[in-house]
Amino acid sequence: MSGYVTRDGLAGLAGLAAPLALAAVLVPFRAGFPDTDAALAMLLVVVAVAANGDRLAGVLAAVSTAVWFDFFLTQPYERFTMTRPADIETTVLLLVIRVAVTEIAVRGRRQYATASRRAGYLDGISNAARAVAAGGSAQALIGQVSSQLVQLLSLRSCIFQYGVAGLGRPARLLHDGSVTFGQLRWAADGDGFPADTDVELLAEGGGIFQGRFLMTPVPGARPGLEQRLLAIAFADEAGAALASAHPAGQR
């Protein structure tokens with residue numbers, strides 16, 4: 001976590017300093033090319049900062065490029081004043097574009113991080129499942145899946161119970177990611193998991209019921225649909241591996 005904060009902090013500093021440095025480099029040539037060319041060159045700085053930092057770093061870079069573009073590269077030079085309507089329009093338009101680019105870059109970075117994390121989770125579970133199918137310990141797989149579920153869904157605890165479903169009338173996480181509690185479909189996206197009850201996630205393999213992961217959420221836990229679907233994928237891997245290890249439903 002500290003490395004991530006440091007990276008965003010450095011990106012924020014770069015967002016403030018890099019546009020100034022680039023504008024200073026362009027000063028000797030400002031009379032020889034259009035202002036729009038200089039503005040586009042400075043846009044590259046915003047893209048670079050936004051791709052490597054958070055939203056704040058990108059916005060700082062966008063504002064900084066607008067400020068130094070005005071000061072160094074529009075007439076009258078080295079004053080925070082623009083007299084030509086075209087310069088004003090260019091500056092405002094490019095500021096809007098820079099902020100939009102920042103938002104796109106931040107969202108892309110976030111989606112990439114999420115996809116990488118999901119792939120890492122699934123690779124770990126798949127490797128453990130293959131180990132069980134090859135004669136490894138089913139308990140090791142169950143322990144790994146339970147540990148991943150605790151992290152993924154913000155759980156206080158998670159245990160696996162062979163051949164059990166519905167005992168104690170817990171809420172249930174269904175295969176489509178929805179949650180039921182009794183006869184009610186729970187609004188999990190808005191309300192999170194039901195309070196004061198466990199949640200069960202059933203595991204099946206080869207059409208044979210294997211058991212359930214009985215999960216105790218942290219109060220107020222609100223895992224999103226993507227997290228819930230990933231949890232179901234974990235349970236499916238576990239169920240398939242257990243079915244391979246015990247073909248006839250034997251324990």
Check: For Gln139 and Arg222, what does the FRET efficiency come to when R0 = 22 Å and r is the distance between their Cβ atoms, rounded to the nearest 0.05?
Finding: 0.10
Notebook entry, point to check: Sorted by mean Cβ packing within 10 Å, highest first, what order do the peptides 60-72, 14-26 take?
Noted result: 60-72, 14-26
Next item on the list: Arrange the peptides 176-185, 194-203, 50-59 so that the one whose residues have, on average, the most other Cβ atoms within 10 Å appears first.
Entry: 50-59, 194-203, 176-185
Check: What is the gain in length, in nm to one decimal, between Leu13 and Leu184 on full extension, counting 0.36 nm per residue of separation less the C-alpha to C-alpha distance?
Finding: 56.5 nm
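Values in this text are rule-based calculations from the coordinates and carry no lab data. Here the structure is a predicted model, which means the values were calculated and not measured. So basically every Cβ, Gly included, is an ideal-geometry build from the backbone, and we count neighbours across all protein chains shown.
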